[in-house]
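Asker: Have a look at this one before I ask anything.
Only the coordinates and a few stated rules stand behind these numbers; no lab work does. Not measured: the values here are computed from a predicted model. All Cβ positions, glycine included, derive from the backbone under ideal geometry; neighbour counts span all protein chains shown.
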Amino acid sequence: MTTDRSVPEQAGTSGLLRAVTHFLGHEVAPEWRRAAEATPRHLFLPDRIWIDDDLTPCDRQQEPERWFAAAYEDAPVVTQLNDGREPADLTDALPSSSASAPAIVFAMLELLDLAAGMRVLEIGTGTGFNAALLSHRLGDVNVTTVEIDPAVAEAARSNLKTAGYAPAVACGDGTLGWVPEAPYDRVIATCSVERIPYSWVSQTRPGGAVLAPWQNPWICGGLLRLTVEDHGTATGRFTPDSAFMLMRTQRRDLFLFRDVVMDEHVPDECTTALSPWAVADSAFETQFALGHRLGDLWYAWHHDPHLDDVDTRLWVSTTSGDSWAAVDWDGTQNTERYTVWQHGPRRVWEEVETAHAWWLDNGRPGPDRLGLTVTAEGQTAWLDDPENAWPLP
Ligand SMILES: C[S@@+](CC[C@H](N)C(=O)[O-])C[C@H]1O[C@@H](n2cnc3c(N)ncnc32)[C@H](O)[C@@H]1O
């Protein structure tokens, strides 16, 4: 690890730790403060990065001060676009690897609740920064990290070496965990998932924990911390709110307009009193609960679709794309009924209405009342108690 630090590096890390303290609402624990102080974040960034929500490119040679400042801000720094095939036009850019925002990195490390001697598997090495912090805390021999992208894995190995760390960096699909070093006391994913791979549970010791950014197809989610029990089951609850890039192996290459709705479809028509905004433009907590209940449904808004009497349309579809619904608002004030079009074997808008009624009947639960259980057979969602469960796809 690095001990000889320049004044700008020390100032950068102090600022970063202040931002993390502000986010956490309490001081960063001394062991993580020491890890941050020994691990300059700029050593983990490539020369070309993309910053801010609009993915502004920043080149170290051309803008050294801006590049350095980006390393110590409490913000994610995108380090790869489109799985390494950088698009000519940034409007087609999809971040595929990054250094996560420091606040969420330290929040997750805290949630891991580590003790000396524990063995950890990280899924999603990225830049290697998180693996470096783990190695400082636990020692290189107790940390394994898996990255799916060979170029990213290679860069992380080099970054870690420069910073003085040598955890095991494996290149492979983290869906499978990493058998050679199992079992682990903790598995932490730094890419989000809609389904917890059972390998993460089976490779964790009973009493250990799996921590992963969770999203349901309806809305990007929170952190899920599962405790692994003796009989190969893991169960736990959510901490809102976080946004990570979805695991490569769980991506859906479907677009609602382009891939799901076809000219030859002849949908059924009916009306609904449920406002589309009540389910797809409501508070994060509401949408999280609806998504948890709905399982495999997702949505997209279509504003001004150039159709007679339609100002705004909400599309809802199954993740397989076999059933869809469209709910239209005609643009008039005080609408009490909306036109609904449904196609496919499932009546998906009726499923949304049923989920919304369930949410009202149960006292409008937020993420704090929801949980998830993972077994070898699959995953179940629950409200308040693991006994009060329903299956998730
Ligand atoms: C947000 S970045 C990780 C940040 C990282 N932990 C750090 O400290 O910089 C997510 C990473 O997960 C990787 N990833 C995505 N799907 C994966 C998979 N199936 N197995 C392993 N890594 C995966 C991506 O390539 C990307 O590098």
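Asker: What is the distance in Å between the Cα centroid of the stretch 126-148 and that of the stretch 6-57?
Answerer: 16 Å
Asker: Can you give the alpha-carbon Rg of the stretch 305-378 over 2.2 N^0.38 Å, where N counts its residues? Let's see the in-between values first.
Answerer: On the way: Rg = 16.2 Å, N = 74, 2.2 N^0.38 = 11.3 Å.
Taking the Cα Rg and dividing by 2.2 N^0.38 Å, one obtains 1.43.
Asker: Then there's this: Provide the descending list of Cα extents for the stretch 256-361 along its principal axes, expressed in whole angstroms.
Answerer: Principal extents (largest minus smallest coordinate, Cα): 36, 35, 21 Å.
Asker: Given the C-alpha centroids of the stretch 161-182 and the stretch 101-122, what is the distance between them in whole angstrom?
Answerer: Using only Cα atoms to place each centre, the spacing works out to 16 Å.
Asker: Further question: Would you compute the Debye intensity of the chain from its alpha-carbon atoms alone, equal scatterers and no solvent, and pass along log10 I(q)/I(0) at q = 0.12 Å⁻¹ to two decimals?
Answerer: Log10 I(q)/I(0), no solvent term: -0.99.
Asker: For the residue pair D368 and A170, what label-to-label distance in nm results when each label sits 7 Å from Cα along the Cα-to-beta-carbon direction?
Answerer: With each label placed 7 Å out from Cα toward Cβ, I get 3.8 nm.
Asker: Next question. So what J values fall out for the stretch 43-50 if you push phi through Karplus, 6.51 cos²θ - 1.76 cosθ + 1.60 with θ = phi - 60°, rounded to Hz, Gly and Pro as x?
Answerer: 5, 9, 9, x, 5, 10, 10, 10
Asker: Here is a follow-up. Stretch Q333-E65 to full length: gain in nm at 0.36 nm per residue minus the Cα-Cα span?
Answerer: Full-extension gain reported as 91.3 nm.
Asker: Jot down the per residue volume, in cubic angstrom and as a whole number, of the convex hull over the alpha-carbon atoms of the stretch 19-176. All intermediate terms of the calculation are to be shown ahead of the outcome.
Answerer: Working: hull volume 18.3 nm³, N = 158.
It comes to 116 Å³ per residue, whole-number rounded.
Asker: Taking 35 Å as R0, compute the FRET efficiency from the Cβ-Cβ separation of E269 and R195 and round it to 0.05.
Answerer: 0.55
Asker: Only loop residues by DSSP count here, and only those with at most 11 other Cβ atoms within 10 Å; note down the GluC sites (Glu not before Pro) in the stretch 14-73 that meet that.
Answerer: Numbers: sites: E27, E31, E37, E65, E73; in loops: E27, E73.
In loop regions of the stretch 14-73 (DSSP not H, G, I, E or B), the sparsely surrounded GluC sites (Glu not before Pro) are E27.
Asker: If I take R0 = 41 Å and measure r between the Cβ atoms of H26 and W358 in this structure, what FRET efficiency does the formula 1/(1 + (r/R0)^6) give, to the nearest 0.05?
Answerer: 0.70
Asker: Still on this structure, please answer the following. Once amide H atoms are built 1.01 Å from N in the peptide plane, which residues 5 or more positions from Y72, or in another chain, come under 5 Å H to H?
Answerer: Under 5 Å from the amide H of Y72: no residue qualifies.
Asker: Let me ask something else. Please report the net charge: other residues with Cβ closer than 15 Å to the Cβ of R195, K and R +1, D and E -1. Each step should come with its number before you reach the end.
Answerer: Details: positive: R248, R251, R252; negative: D173, E194, D296, E377.
Net of charged neighbours comes to -1.
Asker: Counting other C-beta atoms within 10 Å, and keeping those with at most 13, which DSSP coil trypsin sites (Lys or Arg not before Pro) do you find in the stretch 76-153?
Answerer: Loop-located and lightly packed - R85.
Asker: Skipping prolines and chain starts, which residues have an amide H placed within reach, meaning under 5 Å, of the one on Y184, given they are 5 or more residues away or on another chain?
Answerer: Counting only residues 5 or more places away or on other chains, the set is T204, R205.
Asker: Can you tell which of L274, P305, N334 lies farthest toward the positive end of the dipole of the stretch 256-361, using +1 and -1 charges on the Cβ of basic and acidic side chains (Lys, Arg; Asp, Glu)?
Answerer: Farthest along the dipole direction, towards plus: L274.
Asker: Students often get this wrong: which residues of the stretch 319-344 have the backbone nitrogen under 13 Å from the point 7 angstrom along Cα-to-C-beta of S282?
Answerer: Those under the cut-off are none; the list is empty.
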